[in-house]
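Structure record follows, encoded as structure tokens.
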Amino acid sequence: MPVARGGAPLSTLIEPIARDLERLDARAHDQAHRAGRPAVVSFTVAAEPVDPLAVFDGAAIVAGERALWLAPDEPMALVALGAAAVLTVEEGGERGQAGEGSGRGRGPEGHSGGGPRVPVSRSDPLRPSAGPPVGHGRGDEPAGPLAAVAGALESAWRSLCAGSLVDAPHGVWGTGPVLVGGFAFDPAVPPDAAWVGFPAARFVLPELLLTRGPQGTWLTFNRVVLPGTPGGRQGDAGWTFPEGVRLTVPPAGRGPAGEGGRRWLSLLALAARSAPGATAGGGPRRRAGSGGDGRRPAAVPVAAVARPDRRRWTEAVTAALEAIAAGALAKVVLARRLHVRAGTAFDPGTVLRRLRAEYPECFVFAVAGDGRGPGGRGVFLGASPERLVRLREARLETAALAGSTARGASAAEDEALARALLQSPKERQEHALVVRMLRETLAPVCRGLEIAPEPRLLRLRNVQHLHTPIHGVVDGVMLPQLVARLHPTPALGGWPRERALAFIRRWEGGSRGWYGGAVGWFDHRGDGEMAVAIRSGLLRGAEAWLFAGCGVVAGSDPEREWRETALKLQPLAAALGVEPDLGAEAGAGEAAHGG
């Protein structure tokens, strides 16, 4: 198995890689011309270690397209820079009718915006007569909200990678052609203005992917060549796959291949010499929530508006409890958002460093949108404690994460809270519902399913959860299919799934966007990892939208659930270096254990 420890210094790689990229690019143009379809080239080399966060932060001045993935408590990290190609599925629209070649790109004007039509439930989520009582396993639960979107994306990715020219080390996870991005929580709900640039699904094949893992540091350079598309930088070029998946090749991805390689390696060499918390040019950043050196400054008071407000929240939870009592629902997860306005722009790099330092047990992630939104390109980021699914060489890993309480101010109080959580009938029932759903959902595609008999505790800095790991083996399944089967689990949507989603659409008001969706990566073999996008927020200039949710089951209390969401909002607010009036939102003293 290849090991890249002590890889070549970046400065020595620039010219050899530039020559190799030019050679491979010429082969790709020839292949695209002969086959009449897009061609993918992917070339991986070992390199000296660099700080992924420094690379992500430093790239802000030259790369609008960028993403970061830091796995919990292990050396796996990905940094995606630039866009060799972007695969997008928009909300709504008609399912694409054309074949692979019929939509070859005329740039943005050739894009109809079409995509898989997502059905919206029109049923009344409060009516108990819609179907059999909950609490009994049923094999005919409707497909999840991502079924059409994920299926179309997987089909397009398979087609794009067919016949690809890949030069990557065998057995090194996260190298070769890798898509990085995410799915919206519910594509049936149109995104509001804050979520412009974050459609139903958006995944980027980066021009450069930095992979850090147990086997060292690796650099993957990617190119996508469209048939009949000349080089140059005059607008986007595109291709439409069946089912409306749009492939876009931005101008930067069509310039001379060697020039692109030199540009990215020069950036990496600079980032490798930059101190954490500094810009690529070495100067300090002074933005909202930034102390310039990466240390947390005093919190800055900001204007904040909660949606829904407290009255509407109480109404929604009360309606959910009525539906549960009537037998229409077993559980529904309600979320709320906090819209924060600061005096100056937020700095994603500083926020991510704080999240990584405070929550090493979590998936720390960041994905930049397409730049169309008000205030420029948004960055969706967070620190999620919940893996949706990991797939590597047919081995599947997921987990049930439901049921939570605060951390204690002392060791004795912490243990008392943990015991109460483990012994709570309400929390155990909520957790058991998630475990049952995962078992029933995975059984048709998974053999040798291993589920821990009892939940354990997952302890984070400000909250502790009930946690049950799940393992199994699948055959002939790619990651997007598993995402479609699992999303949303009862921990993020509720149960039965379709009725819970209908209730959320009716009562929450506004779009969750990518909050609660799936974010992560997968490669050309279909292996990869996705996290549930919770404990997250969207940054756009001096504005931020923070999200948190909680499960409503029999015995829930609107006031207690409000306080739980306030507790979950705190980590990101603290990482932003701002101080919204959570005390007033949560009730005096209720947020004392926050991050």
Test: residue in region 91-114 that is open to solvent by less than 10 Å² (accessible area, probe 1.4 Å), modelled with pLDDT under 80, under 24 Å from D347 (Cα atoms) and out of contact with any His (no Cβ under 9 Å at 6 or more places or on another chain): no
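Conditions tested, residue by residue: (1) under 28 Å from P199 (Cα atoms); (2) open to solvent by less than 40 Å² (accessible area, probe 1.4 Å).
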residue	(1), (2)
T314	no, no
A319	no, yes
L329	no, yes
T350	yes, yes
P360	no, no
F363	yes, yes
L381	yes, yes
R395	no, no
Residue in region 158-179 that is outside any helix (DSSP H, G or I), surrounded by 24 or more Cβ atoms within 10 Å (Cβ to Cβ), among the aliphatic types (A, V, I, L, M) and within 20 Å of the chain's Cα centre (by Cα) present: yes
Candidates D309, D347 - the one that is assigned by TED's automatic domain parsing to the domain that holds L68 and touching a residue at least 12 places away in the same chain (Cβ under 8 Å): D347
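Here's the yes/no breakdown for (1) assigned to a helix (DSSP H, G or I); (2) among the polar types (S, T, N, Q); (3) in the same structural domain as V224 (by TED's automatic domain parsing):
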| residue | (1), (2), (3) |
| --- | --- |
| I14 | yes, no, yes |
| R19 | yes, no, yes |
| A26 | yes, no, yes |
| H29 | yes, no, yes |
| H33 | yes, no, yes |
| R37 | no, no, yes |
| S42 | no, yes, yes |
| A46 | no, no, yes |
Extreme residue, nearest to A323 (Cα to Cα), among residues of region 476-491 that are at pLDDT below 90 and buried (at least 21 other Cβ atoms within 10 Å of the Cβ): P490
Every pair of residues 6+ apart whose Cβ atoms lie under 7 Å, when the first sits in region 197-222 and is part of a loop (DSSP other than H, G, I, E, B) while the second is among the polar types (S, T, N, Q): P199/T88; P206/N222; E207/N222
Single residue of A420, A416 found to be open to solvent by less than 50 Å² (accessible area, probe 1.4 Å), outside the structural domain of V483 (by TED's automatic domain parsing) and more than 24 Å from the chain's Cα centre (by Cα): A416
Residues of region 456-476 classified as touching a helix residue (DSSP H, G or I) at 6+ places or on another chain (Cβ under 9 Å) and not in a strand (DSSP E or B), total: 3
Selected residue [over 16 Å from the mean Cα position of the chain (by Cα) and over 30 Å from S164 (Cα atoms)] from R506, R512: R506
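The values are calculated or read from the model by the stated rules, or taken from the named source; none is laboratory data. Computed from a predicted structure; not experimentally measured. Note that each Cβ is placed from the backbone with ideal geometry, even for glycine, and that neighbours are counted across all protein chains shown. Side chains are part of the model used for accessible areas, which takes the heavy atoms of the whole protein and leaves out ligands, DNA and RNA. Shrake-Rupley method; radii C 1.70, N 1.55, O 1.52, S 1.80 Å.
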